[in-house]
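Written below as structure tokens is the structure these notes are about.
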Amino acid sequence: MPLDPAIIASLTRRFQPTEYLRTTPWAFRSTPLGMGFGKTRFASPADAFKLIYVAEDLPTSIAEAIVRDRFEGKTTRELARSDVADWGVCEVSARAPLRVLNLRGNGCFELGVSTDIVGAKSQDEARDFSQTVHDTTDLDGILYRSRLRKEQDCVAVYERAVSPKLAAGAVVQMESLAGLIPALRALKIKLI
């Protein structure tokens, strides 16, 4: 997938997230910035690199990591305590600005790539796109709007930038967060 370097440069931003949130399995609480290979939106389709995702707020972090599309076609929006029991949350901040490709707004349109990269449930195009960005630039990651919460920012940070630029607080058990119920309310979800 060829990408115009001039347009990439015009969409590159210095972005320094502060107190963004990462929802992570509780089993990995000892490594809040730990990464593995996965089948996520901007993951390498060839397992050539790892990345982490951080979100602007707790509802978005929960929606992107836990809820996803589980309520599609359902009228009842309930999560059992067991659905959140195995999850934790930590704050992630950048110690130095990240150099990111800004795909908020009309970034995909300007690049001449499918808007499905940031907006579709299917993630194959996004993975191929991310592989190209990773391989042909020295960018730290991709800044985009949540597919599930359209106005909220998320950042996918490539592993090459995680250790040098990110710092994380301790992982706190999701169930113990005072903000859990308000976050679920914002998502119109009841905890049972």
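Note on the stretch 1-45: among residues that are among the charged types (D, E, K, R) and part of a loop (DSSP other than H, G, I, E, B), the one that is nearest to R68 (Cα to Cα) is R41. Please enumerate the residues belonging to the stretch 82-99 that are touching a residue at least 40 places away in the same chain (Cβ under 8 Å) and out of contact with any helix residue (DSSP H, G or I) (no Cβ under 9 Å at 6 or more places or on another chain). Selection gives C90, E91, V92, S93.
Under the condition of being surrounded by fewer than 16 Cβ atoms within 10 Å (Cβ to Cβ) and farther than 15 Å from R145 by Cβ, the residues counted in the stretch 89-109 number 4. Filtering the stretch 63-70 for residues that are over 28 Å from A167 (Cα atoms) and of a type outside the set (V, I, T) leaves a non-empty set. Applying the criterion of being part of a loop (DSSP other than H, G, I, E, B) and among the acidic types (D, E) to the residues of the stretch 46-70, the residue that is surrounded by the fewest Cβ atoms within 10 Å (Cβ to Cβ) is D69.
Yes/no matrix, rows are residues, columns are (1) of a type outside the set (F, W, Y); (2) touching a His at 6+ places or on another chain (Cβ under 7 Å); (3) on the phi > 0 side of the Ramachandran plot:
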{"position": "I8", "(1), (2), (3)": "yes, no, no"}
{"position": "Y20", "(1), (2), (3)": "no, no, no"}
{"position": "T40", "(1), (2), (3)": "yes, no, no"}
{"position": "D47", "(1), (2), (3)": "yes, no, yes"}
{"position": "A65", "(1), (2), (3)": "yes, no, no"}
{"position": "F71", "(1), (2), (3)": "no, no, no"}
{"position": "E78", "(1), (2), (3)": "yes, no, no"}
{"position": "A85", "(1), (2), (3)": "yes, no, no"}
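Quick check on the stretch 129-145: of everything there that is touching an Asp or Glu at 6+ places or on another chain (Cβ under 9 Å) and over 13 Å from T40 (Cβ atoms), which residue is surrounded by the fewest Cβ atoms within 10 Å (Cβ to Cβ)? Step through it out loud before you land on a result.
Initially, the stretch 129-145 is screened for residues touching an Asp or Glu at 6+ places or on another chain (Cβ under 9 Å), giving 143-145.
Filter once more, keeping what is over 13 Å from T40 (Cβ atoms): 143, 145.
Working: L143: 23, R145: 19.
This residue is R145.
Check the stretch 66-75 and report whether any residue there is aromatic (F, W, Y) and in contact with a Gly (Cβ under 9 Å, 6 or more places away or on another chain). Scanning the stretch 66-75, I find no residue that is aromatic (F, W, Y) and in contact with a Gly (Cβ under 9 Å, 6 or more places away or on another chain), so the answer is no.
Taking the stretch 102-134 as the range and being among the polar types (S, T, N, Q) and part of a loop (DSSP other than H, G, I, E, B) as the test, the residues that pass are N106, S114, T115, S122, Q123.
Any read-out appearing in this document is the output of simple, stated calculations on the displayed coordinates, not a laboratory observation. Model, not experiment: these values are computed from the prediction. Cβ: placed from backbone, ideal geometry, glycine included. Neighbour counts: every protein chain shown.
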